[in-house]
1. Taking the residues in region 1-43 that are at pLDDT below 95, on the phi < 0 side of the Ramachandran plot and buried (at least 16 other Cβ atoms within 10 Å of the Cβ) as candidates, determine which candidate is nearest to the chain's Cα centre (by Cα).
2. Quick one: is Ile40 touching a residue at least 60 places away in the same chain (Cβ under 8 Å) and under 26 Å from Phe160 (Cβ atoms)?
3. Where the second residue is within 6 Å of the ligand (Cβ to nearest atom) and the first is at positive phi and lies in region 80-94, which pairs have Cβ atoms under 9 Å and are six or more apart or on separate chains?
4. Say we look at region 78-118 and pick out the residues that are among the aromatic types (Phe, Trp, Tyr), touching a helix residue (DSSP H, G or I) at 6+ places or on another chain (Cβ under 8 Å) and at pLDDT 95 or above; which of these is farthest from the ligand (Cβ to nearest atom)?
5. Residues of region 45-61 being under 14 Å from the mean Cα position of the chain (by Cα) and more than 10 Å from the ligand (Cβ to nearest atom), which ones?
6. Which one of these is touching a strand residue (DSSP E or B) at 6+ places or on another chain (Cβ under 7 Å), not in a helix (DSSP H, G or I) and not small (Gly, Ala, Ser): Val109, Val196, Val121?
7. Could you please give the count of residues in region 11-41 that are small (Gly, Ala, Ser), within 14 Å of the ligand (Cβ to nearest atom) and in a loop (DSSP other than H, G, I, E, B)?
Amino acid sequence: MSSPGHSTPSPAARVGMLLVISGPSGVGKTTITRAIEKQIPGAVFSVSATTRPRTDIDREGVDYFFISDERFDDMIRAGEFLEYAGVFGKRYGTPKRWVEDQLAAGKLVILEIDVQGAINVHKQRPDAMMLFILPPSEDELLSRLRNRKREDETVIQRRFGEARREMEIARTCGAYDVFLVNRDLPAAVVHAVALVRAEWDRRGASFS
Ligand code: 5GP
């Protein structure tokens, strides 16, 4: 209970907010996502479960929970996902219980998920803030995918094709509120943090 004369709600009483960030691979969305998580007090990153193999740079329980196909099926059957989708032949899902607990605790919960999953979340939670990161051009995206030197040319071409399809769906599906073009990564980070902070503050201020 707040004492007389204090009209500011206690931090624990504020309403949580769901933030969905999507964008094609190579667009810089992970850097942007992690910057939002670090720079905005109350922001937390939702760690997804995936059936894709762990790479050297992945941290178990930090970037993903790496699970088997059987375990993924069990989680679907038990209703443990808020959403799940197939991406590049592997499956990815957002743990429902954790997200709900964080929202109930008044957190800004960040989901970095693909377009199919994002559309699904938007249907269930129309109040989620939906952000899509775009490259300056398709040519630029292709050269960024090549410069990462993570995959061979066949995989790069597949990811590029997938990216074009994903951008087209994002543009036409009506689920996204904001499209942010990443021309320069540090500037895009500043811009994204400012946009999300403004929305987070606006929703906090309207709560009493
Ligand atoms: P990567 O394997 O490169 O980390 O991720 C591949 C794609 O899967 C990215 O577009 C990423 O945003 C998406 N993704 C990661 N976690 C989830 C999730 O829980 N649900 C959905 N629908 N997509 C996800």
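1. So the residue we want is Lys29.
2. Working: touching a residue at least 60 places away in the same chain (Cβ under 8 Å): yes; under 26 Å from Phe160 (Cβ atoms): no.
Spelling it out, it is not the case that Ile40 is touching a residue at least 60 places away in the same chain (Cβ under 8 Å) and under 26 Å from Phe160 (Cβ atoms).
3. Listed by first residue and then by second, the contacts come to Phe88/Ser25; Phe88/Arg52; Gly89/Arg52.
4. Here the residue is Phe81.
5. At the first step, the residues of region 45-61 found to be under 14 Å from the mean Cα position of the chain (by Cα) are 45-49.
Once the filter is applied, which keeps residues that are under 14 Å from the mean Cα position of the chain (by Cα) and more than 10 Å from the ligand (Cβ to nearest atom), region 45-61 yields only Phe45.
6. Numbers: Val196 fails: not in a helix (DSSP H, G or I); Val121 fails: not in a helix (DSSP H, G or I).
Checking each option against the conditions leaves just Val109.
7. So the first thing to find is which residues in region 11-41 are small (Gly, Ala, Ser), and the list is 12-13, 16, 22-23, 25-26, 28, 35.
Applying the additional criterion that residues be within 14 Å of the ligand (Cβ to nearest atom) yields 22-23, 25-26, 28.
Then drop every residue that is not in a loop (DSSP other than H, G, I, E, B), which leaves 23, 25-26, 28.
Adding up the residues that qualify gives 4.
The values are calculated or read from the model by the stated rules, or taken from the named source; none is laboratory data. These numbers come from a predicted model, not from an experiment. Virtual Cβ from ideal backbone geometry, glycine too; neighbours counted across all protein chains shown.
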